[in-house]
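Working notes, beginning with the structure itself.
The values are calculated or read from the model by the stated rules, or taken from the named source; none is laboratory data. No experiment lies behind these values; they were computed from the predicted model shown. Here the Cβ is made from the backbone with ideal geometry for all residues, glycine too, and neighbour counts use every protein chain on show. Note: accessible area is taken over every heavy atom of the protein model, side chains too, but ligands, DNA and RNA are not part of it. Shrake-Rupley method; radii C 1.70, N 1.55, O 1.52, S 1.80 Å.
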Amino acid sequence: MKFVSHFMKHPLVTVVAVVLALSAEISGQNPSPLTTDKPAERQLNLLVLGDSIMWGQGLSEPHKAWYQVKTWLKENTSQDVRETVEAHSGAVVGVKDVPWSNDAPLDGEVSSAVPTVNHELDRALRIYANPSQVDLVLVDGCINDVDIRNLLNAANSSDDVKRMATEKCGLPMQALISRVANSFPSAHVIVTGYFPIISEKTPNSLLMKAMARMFYQPGPKPAKLKQKDLRESLIAVSRTWYQASNAALGDAVDKVTAELATKGSRQRVLFVEIPFAPEFSFNAPETRLWSFNASLLRKLLAVLTLGRVTLKTNDEKLRQRVVSCNERYQKPANEKPNQRGEREYRRMLCRYASLGHPNRKGSAIYADAIVGKLKSLIAETGWLREQTGTRPATAGP
């Protein structure tokens, strides 16, 4: 694997692995049984689909955005809320009708592309006896399809990033959102956006410089860029990603809404743009993203020793994730030298998986943005309309 061998030659990756965190990871928590002695109208059913952002990478359960939304709903509707969480770290959007292997991590903190978000939807449909009883679906997706390495490569232009965002967050997400809305005919569906990873408020530190150089992958005719140019390019890439992904996701939601309107459906699919100031980006003064739990001296030592001095992340699930990563990537029998390098590389990325994900304050931004949409919904009379009848088809448009 060319990419892996390249990084194995550069131990600094143990430090620079930072933002790779946003890429990948699996199966969400096992859903609890949906049987209850309470009348159906007294319980709200919440379904959570998506990648590591919706899963809540690095967060203990009470601090995850979906859990905060659940708590708010319970307090403001006086109804119990039963959640089913299928989201997990690393999920790509994928397409329907593609089988997946059962060899997937049990811990949602561990990166895995499968089950895809479409697989998550399939799993959820097997859980609910009556899909029309699902009241709210929270879903995100497409950053892993774009690939975080593309968002950290200063060689990419804003046009490149806009094209990738439009391609991966447009039609694939439109098809997924349509499947979700048609599969759960009574549910409101809230689709959340992403955030800029790096901004002008991200310090131009040794770590930043090392990261810019490490992820720089020029084309066949590379231009000679100065360190300042690399940083400026990364800032532009992040800004374009934020704007272009929001535009593509918003457009996907609008098209599904128009499709549903032709069937006489009310407005029930909504896009939530996440307000994320430059000060909130990675390592910025008021960052809302997980980083390293280390002093400036130790960070410098990690850079100067090319990664031989290791760092710890400052998230809430570090210990649990390290155990899960060690189990996932334990040494198999008869391992070959080249296989060992790749396994150790993946285990290292797994340990650093929280980096660049929303911390407790960042998660609160997501929860507040979602709740802002819900406030207008629950103010409407009859916002919950349970449909009865046969099980809906799950096919997309």
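In the range 196-218, the residues that are among the basic types (Lys, Arg) form Cβ pairs under 7 Å with partners that are open to solvent by less than 20 Å² (accessible area, probe 1.4 Å) and not in a helix (DSSP H, G or I), at six or more places apart or across chains, as follows: 201/281; 201/284. Elements of the type helices (runs of 4 or more DSSP H) sitting completely within the range 168-279 and holding at least 1 residues that are touching a Gly at 6+ places or on another chain (Cβ under 6 Å) and open to solvent by 20 Å² or more (accessible area, probe 1.4 Å): these cover 171-183. Considering only residues in the range 327-341 that are in a helix (DSSP H, G or I) and open to solvent by 60 Å² or more (accessible area, probe 1.4 Å), the one that is farthest from residue 287 (Cα to Cα) turns out to be 337.
Per-residue answers, yes or no, for (1) more than 30 Å from residue 128 (Cα to Cα); (2) acidic (Asp, Glu); (3) at pLDDT 90 or above:
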position: 299; (1), (2), (3): yes, no, no
position: 323; (1), (2), (3): yes, no, yes
position: 334; (1), (2), (3): yes, no, yes
position: 348; (1), (2), (3): yes, no, no
position: 354; (1), (2), (3): yes, no, yes
position: 387; (1), (2), (3): no, no, no
position: 392; (1), (2), (3): no, no, no
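Screening residue 106 against (1) assigned to a helix (DSSP H, G or I); (2) among the hydrophobic types (A, V, I, L, M, F, W, C); (3) more than 30 Å from residue 228 (Cα to Cα); (4) open to solvent by 10 Å² or more (accessible area, probe 1.4 Å) leaves a single unmet condition, (1). Does residue 81 fit the bill of being in contact with a helix residue (DSSP H, G or I) (Cβ under 6 Å, 6 or more places away or on another chain) and not basic (Lys, Arg)? In short, yes.
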